[in-house]
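J.: For reference, the structure I am asking about is given below.
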Amino acid sequence: MGARFAGRVVRALAVVLALLAVAPAGAQQPPTDPYGLAAAKLTLDEIEAAAGRESTSGAALVDLRARASKAHEDLLAKAADLGKKQAAAEAQLKDLGTAPTDGRAEAPAVVAERARLTALNSELGASANLARQLATRAGQVFDQVNERRHILFTDTLFEHSRGLFDSGVWVDVARAIPEEVRGVASLIGSWWRFVADSGYDRSGAALATLLGLALAASVAWRAFRHRLAAEKTSDSRFGKALAGLTALAAGALPAPVAIAAVIATLDAYALLPATIRQLALGLNLAVAVESFGRGIADGVLAPQTPWRRLPSMADVPAQRTYRHLVWAVRALAAAVFLNAVHRQVVSPPALSAATDVLLALAVSVLLIHLLRRLRQDQAVREVPPAPGLMALGWIAAVFVLGALVAGYIGLASFVAERLVVISVVLGAAYLTIVFIDALFGEIVIADTLVGRALAANLGLRPQTVELAGTLISAVLRLAIFVAGVLAVGAIVVALGPRGLSAYEVFGRMRETFLGAGIAGITISLGAIFAAAVLLLFGLLATRAIQHWLERQFLPRTSLEPGLQHSISAIVGYVGVIAVGALALAEAGIDLQKIALIAGALSVGIGFGLQSVVSNFVSGLILLAERPIRVGDSIVVKGEEGWVRRIRVRATEIETFERATVIIPNSELITGVVKNWTHANTMGRIILKLGVGYESDPEQVRDLMLECAQEHPQVVDVPPPRALLLNFGDSALEFELRCVVADFDRSLIVKSDLYFAILKRLRAAGISIPFPQREVRLIGDGATPLAKPADA
């Protein structure tokens, strides 16, 4: 029976082998993944499953978010590449043309190629669509991971623990310190044994390399410090900014670069185990934080060299602010290094909490002490008043202390370290912006050697180079501002003990701002707050752009002052309207949804605000049509003066008596206005003169024309005219009519001409007669007229 069973098995195997042998060559093979889309889908499935697990840690979520972001970018690139290949296949199909429909025979190779391209086109199209769908899903997975991180972060950040004054906290810390010390000692001992076991040759070579690097660095640093101490730049704004950047480099680079060189050398000789390497990187990061913060404080505040100080501060407040900022940065650097030690030694949670407490407490105490001392300095006028910054500082300090006392240690530490980071980054941005502004405002200008050299090399006018420099300066400053904002976020992420951004703090808070719907309009406290912040910063940005246009860019152009003012005003109006629309959109108020309310109020607005709307529209007409410009000399409503400002409702006129007259814009549009300088600044003046009848009229005419032609303000075209207009009662009446180049100086020109003519008349012996009158006294016939005394 066993033999029969074995025979059956053998026959079955033979049948199977025979079937495999006669299988057709074109049998279907296992499915392949030529474009990697199946693998990408599997990766997204893994990320989504891992993000949904409650046990996933914050560090794992950071890694998952990076993987989701990379998958999204790869899928987008793959979809674009597949789209290009599909377009190429379609182009080849188009070149082949369509199959003949009249029964004509076609070459087999063409038929086969058309079939291949058709199949390839379909396959590429389907793969491109799948890649785009997967890219969309990758973006959704990325958002899902972020949301999971928000929840985890807020749970940790707002976690309530024992307060600052709970004795149990410090008892646990005291018990945990010896355990961490033993862990650190164990790490150091294991590292020492690792170095000893690696052999003296490798250790000696590493030591020799480090000694050589140290000697070279010492010589270079000594030469640099000697040159830096001997060299002093100018006291200009550019010289101060350049000296500040030099001080920043001298303070921020040496120590971190030296530690990085040591780490790289030991790593090159394989003398750094993974744990010790992480500790060394934590030390390097802490030293970099301290060095950069101290360099920024020295570069901006210049406590020992007041000649290069950029802010307008006295010596004592600057030195005091420098010391407090440096100690705050040192506290942050110590917390960074201690957190690295806690991670490598796997310390008890009490030590991590104690580190956060000490950091928050140190920053808040330093801030309170600095604010108190600065308030004393303000009392003696050594510090310019800054009530807004002082108030924010007090609020931040009290908030951190209150969070510590209430037991929200994570929140207090979060706010404290961000205060220090933001202060340092803002100082760096300020120093860089001042340097760029001074470079293009003092060096690269038309009347400097650098500006003329650039203009000559580029083949441009110096004024064009100066204008281009102003534009480049604005772009660079804007880029630095944006980079500063991004750097705050990046440094916050790098230094945060939980590795999360500041934006995520408000994840849970936003949930408390529940929205309420009114007449189809959703109103929420969070949206209103965001809209208010957007409106505030938008208005500040609009005002900054206007200030830059008025003070820096437009004056360097060839535009007339009136047109410059119009451009600046229009930019301001457009900016305010755009910011208002964005704020309404941020608040969840659609402009179409408030059309009904606007319609209901239109009647009241039409009657009550008619004059306001009329003046507003008239102001826009004045700015666009420009019949009246800033700087024009006008006469309106009996008032004569210069136009100083055209606002949205009214125009300011400064009279010759230096009084300000406010004229509604509608009166300037609908009324009669005399504009002396509308077409140009020239204007005609008339001087009247009477000479005696015994004078030579031609001599008087020539004399007046000579005086007019010699004055620099009198133009040659049209030429001045001296006219004899009347035979007066006691004099020949002349008029001198001439045109002056600047009508604003017409009174001065008339005075100069009168002085010159009077001087010439006296030199020529020509008299100006007094008025002659004959007076007859007629009595009443009874009283005789009085006789003169000598009669």
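J.: At 1.4 Å probe size, put Thr321, Thr470 in order of accessible surface, largest to smallest. Don't skip to the answer; put the middle values down first.
T.: Values: Thr321 30, Thr470 5 Å².
Sorted descending by solvent-accessible area, the residues read Thr321, Thr470.
J.: At 1.4 Å probe size, put Ile628, Ile188 in order of accessible surface, largest to smallest.
T.: On the way: Ile628 10, Ile188 95 Å².
From most accessible down to least: Ile188, Ile628.
J.: Which chymotrypsin sites (Phe, Trp or Tyr not before Pro) does region 646-716 hold that lie in a coil by DSSP with at most 12 other beta carbons within 10 Å?
T.: The qualifying sites are Phe656, Tyr693.
J.: Just to verify a number: what accessible area does Glu123 come out at with the full protein assembly present, 1.4 Å probe, Å² rounded to tens?
T.: About 80 Å², rounded to the nearest 10.
J.: Please report the accessible area of Phe337 (heavy atoms, 1.4 Å probe, ligands and nucleic acids excluded) in Å², nearest 10.
T.: 70
J.: Right, another one. Keeping all protein chains in place and using 1.4 angstrom, which order do Ser218, Ser666 fall into by accessible surface area, from largest down? Each step should come with its number before you reach the end.
T.: Details: Ser218 55, Ser666 25 Å².
The ranking, largest first, comes out as Ser218, Ser666.
J.: Among residues other than Arg645 whose Cβ falls under 10 Å from its Cβ, what is the net charge (Lys/Arg +1, Asp/Glu -1)?
T.: So the surrounding residues net to 0.
J.: How much solvent-accessible surface does Glu698 expose, in Å² to the nearest 10, with a 1.4 Å probe and all protein chains in place?
T.: Probe radius 1.4 Å; accessible area of Glu698 about 110 Å².
The values are calculated or read from the model by the stated rules, or taken from the named source; none is laboratory data. On a predicted model such as this, the values are computed, not experimentally measured, just so you know. Backbone-built Cβ (ideal geometry, glycine too); neighbour counts: all protein chains shown. Each accessible area value is taken on the protein alone, full model and side chains, heavy atoms only, with ligands, DNA and RNA left out. Shrake-Rupley method; radii C 1.70, N 1.55, O 1.52, S 1.80 Å.
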